[in-house]
1. Just the accessible area for Leu150, please: 1.4 Å probe, Å², rounded to the nearest 10?
2. May I have the extent of the alpha carbons of the stretch 252-384 along their three principal axes, as whole Å values ordered from largest to smallest?
3. What FRET efficiency comes out for the pair Ala157/Ser269, r = Cβ-Cβ distance, R0 = 41 Å, nearest 0.05?
4. How would Tyr197, Tyr443 line up by accessible area, probe 1.4 Å, largest first?
5. Based on the alpha-carbon gyration tensor of the stretch 301-468, what equivalent-ellipsoid semi-axes (square roots of 5 times the eigenvalues) come out, in whole Å, largest first?
6. As a test of reading the structure, rank Asp236, Asp429 by solvent-accessible area (1.4 Å probe, protein chains only), most first.
7. In square angstrom, rounded to the nearest 10, how much accessible surface does His128 have for a 1.4 Å probe?
8. If you roll a 1.4 Å probe over the stretch 86-264 with all protein chains in place, what percent of the accessible area is carbon or sulfur?
Amino acid sequence: MRGGGEAKPGKSQKSSAQRHLNAGFVVVGLLMLLAYLVAQHFVVGSRHVVITEAQVIMDNVKAPDETVVIAEAQRIMDNTKIPSETENGKVVCNMEGRSDTCEVDGDVRTNGTALSVTLVPASRSERHEWMIRPYSRRFASVRKVTVTQLQDRADAAPCAVTHDVPAVLFAIGGYAGNYWHDYADILVPLFVASRRYNGEVKFLISNIRFQPRWLAKYKAFLQGLSLYDAVDMDGDAQVRCFPHVTVGLRLDKEFSIVPELVPGGRRLSMADFTRFLRETYALPRGSAASRDREQPHKKPRLLLIHRGHYRRITNEPEVARAAEAAGFEAVVAELRGDATEAEQARVVNSFDVVLGVHGAGLTNAVFLPPGGVLIQVVPYGKMEYIARAEFSEPATDMGLKYLDYSVSAEESSLMETLGPEHPAVKDPDSVHRSGWDQVFELYLAKQNVRINVTRFAPTLAQALDHLRQQ
Ligand SMILES: *[C@@H]1O[C@H](CO)[C@@H](O)[C@H](O)[C@H]1NC(C)=O
Ligand SMILES: *[C@@H]1O[C@H](CO)[C@@H](O)[C@H](O)[C@H]1NC(C)=O
């Protein structure tokens, strides 16, 4: 929902804003298609792909006597591995899971115009090249970075600027602009990649021109991770030298963090991420409502996220009244993104519960105080799997209680628009069998819900119980 809620575009940006809007729509579809196809069942791979000279030789040698080949390869490994790492630096690329990334360590030089990252060896070395999309989903359409391990030092362009801090190179094209993707694809992975440096890191950002407002929106966030000005890579003509460059961002778990895979030995978690947000945006509440001794009658606060276009709750006032009746102070808000990220974060942090229909708006749960509750209303049509992939484990990892409420056919607008005999109402499995386009069109783009507050009451009671137990 934030996709359409960006700051009002100027005249010249109108068509581009429109494109973003449309793109946002497609993006949500793509994202859920991804969840639909693979959900979170990616094997969390941490095997690093290191291409060594020995390996290249091993792959190429065909000899009748296997033992000789192995002995030869072993000898080469023993002789080359250690010097190449200490003097010549090294490139370690990881092509597993959803993302392609390289860690380039040593005498590393960047050329923004060429979008290249080059490791310059001290002595003659084996040449290698990798093409890396610096976005956490490798199929995103962003320009690739050429990572090269040079053979000869003499081929290297001289340093125009020498930095003594490492750099992280990433792109903000791809699915950025959709609020969920901003967090899942960029902000969380960037936190994972750079928190270990305690601000002593430079960000090299590609694709800024396609997302002109993105940097302004997340300025405070970026400043919280890096003490230095970011470089607009695509327009950077000079050669910069770094001791270490991370190319691309890793997405280990959808909208979350796998502590064991965080580089630098600090086992950061999603709870650390939301703590960082509370620091960055000076959010006052670090824990959700419990029975306040001084104000025993103060009610926990529930934020009902309004959606403007589709997947609306058509009886929103009735749902808000049901929440009040359950014991909450309920507020309906649209969070259209006219406010800055900091203002929005402060608004959400004043609540204990976020409630809304499946969509990017639920991403706001990152600002809830730990111990709070996220209630996701799942549209009709066997959409639980898809809806949960994006929010269930992430919310739990943030230290929130996750609840969902599945809309029945009787509560769906499809009952009226298509009738009870339509396959979309009678047989959701048949829609799923006919493909993602149909699933998206029928269940996500053309459905509104009218929540039966009697049926919904136990979910509200569960949320309240959770808050009372703290
Ligand atoms: C950087 O790359 C561009 C494009 O490939 C090239 O024209 C330019 O000469 C390079 N800059 C330097 C300083 O080598
Ligand atoms: C609302 O839900 C309750 C409890 O499940 C059910 O008894 C009632 O018939 C439902 N009302 C409508 C209008 O469907």
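The values are calculated or read from the model by the stated rules, or taken from the named source; none is laboratory data. Being a predicted model, the structure only gives us computed values, none of them experimental. All Cβ positions, even for glycine, are placed from backbone atoms using ideal geometry, and neighbour counts span all protein chains on display. Keep in mind that these areas ignore ligands, DNA and RNA; they rest on the heavy atoms of the full protein, side chains included. Shrake-Rupley method; radii C 1.70, N 1.55, O 1.52, S 1.80 Å.
1. Using a 1.4 Å probe on the heavy atoms, I get roughly 20 Å².
2. 50, 45, 29 Å, listed from the longest principal axis down.
3. Efficiency computed from Cβ-Cβ geometry: 0.50.
4. Tyr197, Tyr443
5. So the three semi-axes of the stretch 301-468 are 27, 17, 15 Å.
6. The residues order as Asp429, Asp236, largest area first.
7. Accessible area of His128: about 30 Å².
8. 49
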